[in-house]
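Only one structure is covered here, and it is reproduced in the block below.
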Amino acid sequence: MRRTIAVWGGAALFPLALAWSQLGTPRTGPFDPYNPVLAVAAMLSMSLLIGVLRRVPLLALPMMLLGCVAVVVLAGPRHGTGRAPFLPFLAVDLALAFVVATRTTRVSTVAVLLCLVVQSGTVVVFSDGTDVGVNAEMALLALATTYMVGRLIRERREHGEALRTRAVADAVTAERLRIARELHDMVAHTIGIVALQAGAAKRVIDTQPARAREALGEVETASRETLSGLRRMLGALRQAELEKGAEPAPLDEMPGLADVERLAEATTAAGVRVDVHHRGERRPLPPEVDLSAYRIIQEAVTNVVRHAGARSCTVSIDHRDEEISIEVVDDGRGHGLTPGTGYGLVGMRERAALLHGDLTAGPRPEGGFRVTARLPLPTGVR
């Protein structure tokens, strides 16, 4: 309410301030040159229309143009031979730059045409014959300059908005890919274990009920762990929805290389022996590296279980000074998904690439399949 009163109060005071600035200073004679101070006073009085300019530019601009024409008329025909009476049009040009920078193309076009017609007409009518060319050139140059400045500001703002929109879209896409990788790695491994254990239980349920109960217990354990992980992930997503600016779920709640032995035990219990070998000094890792290393191993072991037909595989983790090196080798039939049929290898490569590392996967000449990954460590933990 106060802002509205200030805006329209300034508009009401504008003609009074303009008249006082031009008529309140006495002149010593009828042939005195027009004082440039009066032109500056006229431009200052136009600052009262800033609020209207921000709200209704096509109302503020005509008011400013009328004020400028009044200043030129009050200067008189003899005093209009100079250039000082036309100085207040600079305030109009600045207002035009604001309109071009902040309004639509349609509004900007109307504003430019209005200023061009009024300014050129005023200069032609009230300039002395010898000065009309110079005055018209100066008016057009000032108008063109302010228009170009406003256009550049507008294009820069639009470019910045486009960059921000693209950054938001890229962030959304990256987050969707991260969630997709987490869901794939979490669920795919569990489904593989469940399938093996359920198949084993089906085969021995009549002859070895104790072994069947053990397999079904492994199915229950794996399912509960995955369900807990899914609930944690969904809870973090829901919290991020409810709390603006909420941080994503802490990575230190996620699994890491310390959980590889438990992964190996669960896979071995499902029928595929997994041997884990560590080389180098084991030390705390950044959460993102620790999680990605575990997920790569988990996905590689899952592929062994689901596709290789192997009886065993070996996981080697090399803790180096500048990186973590991972190798998963199996003795199966050299599995490999047909291009376009799965996302496991794609997800592993994405995880490595996000950490500026690399991953290679392919069958071995001597048989079986090999997955190798290299994850560089940040400088602070080397």
Inset, instruction - Normalise the Cα radius of gyration of the stretch 2-164 by 2.2 N^0.38 Å (N = residues in it) and let me know the number. - result: 1.10
Legend entry - Under 13 Å, Cβ to Cβ, from Val100 - net charge with Lys/Arg +1 and Asp/Glu -1: +3
Inset, instruction - Work through the residues other than Leu48 whose Cβ is under 15 Å from its Cβ and net out their charges, Lys, Arg +1 and Asp, Glu -1. - result: +3
Inset, instruction - Mind sorting Glu175, Glu182 by how few other Cβ atoms lie within 10 Å of their own Cβ, fewest first? - result: Glu175, Glu182
Legend entry - Inter-probe distance in nm under a simple model that places probes 7 Å from Cα toward Cβ, at Leu44 and His159: 3.8
Inset, instruction - Return the long-range amide H neighbours of Arg370 (sequence gap of 5 or more, or a different chain), with a cut-off of under 5 Å between placed amide H atoms. - result: Gly362, Arg364
Inset, instruction - Give me the distance between the Cα centres of the stretch 191-230 and the stretch 100-133, rounded to whole Å. - result: 83
Inset, instruction - Could you tally the net charge around Trp8, taking each other residue with its Cβ under 15 Å from the Cβ of Trp8, Lys/Arg +1 and Asp/Glu -1? - result: +4
Legend entry - DSSP-defined antiparallel bridges as percent of all bridges, the stretch 258-382, nearest 5: 70
Legend entry - Estimated distance in nm for a label pair at Ala210 and Asp131, the labels positioned 7 Å out from Cα along Cα-to-Cβ: 11.5
Inset, instruction - Would you kindly derive the ³J(HN,Hα) couplings of the stretch 149-154 from the backbone phi angles with the Karplus curve 6.51 cos²θ - 1.76 cosθ + 1.60 (θ = phi - 60°), listing them in order in whole Hz, with x for Gly and Pro? - result: 4, x, 5, 5, 4, 5
Inset, instruction - Output the peptides 50-63, 274-287, 209-222 sorted from most to least packed, where packing is the average of other Cβ atoms within 10 Å over each peptide's residues. - result: 50-63, 209-222, 274-287
Legend entry - Sequence ranges 151-163, 194-206, ranked by mean other-Cβ count within 10 angstrom, highest first: 194-206, 151-163
Legend entry - Dipole magnitude (debye, nearest 20) for the stretch 2-164, charges at Cβ of Lys, Arg, Asp, Glu: 740
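Each reported figure results from applying straightforward, stated rules to the coordinates on display, with no laboratory input. Computed from a predicted model, the values in this text were never measured in an experiment. All Cβ positions, glycine included, derive from the backbone under ideal geometry; neighbour counts span all protein chains shown.
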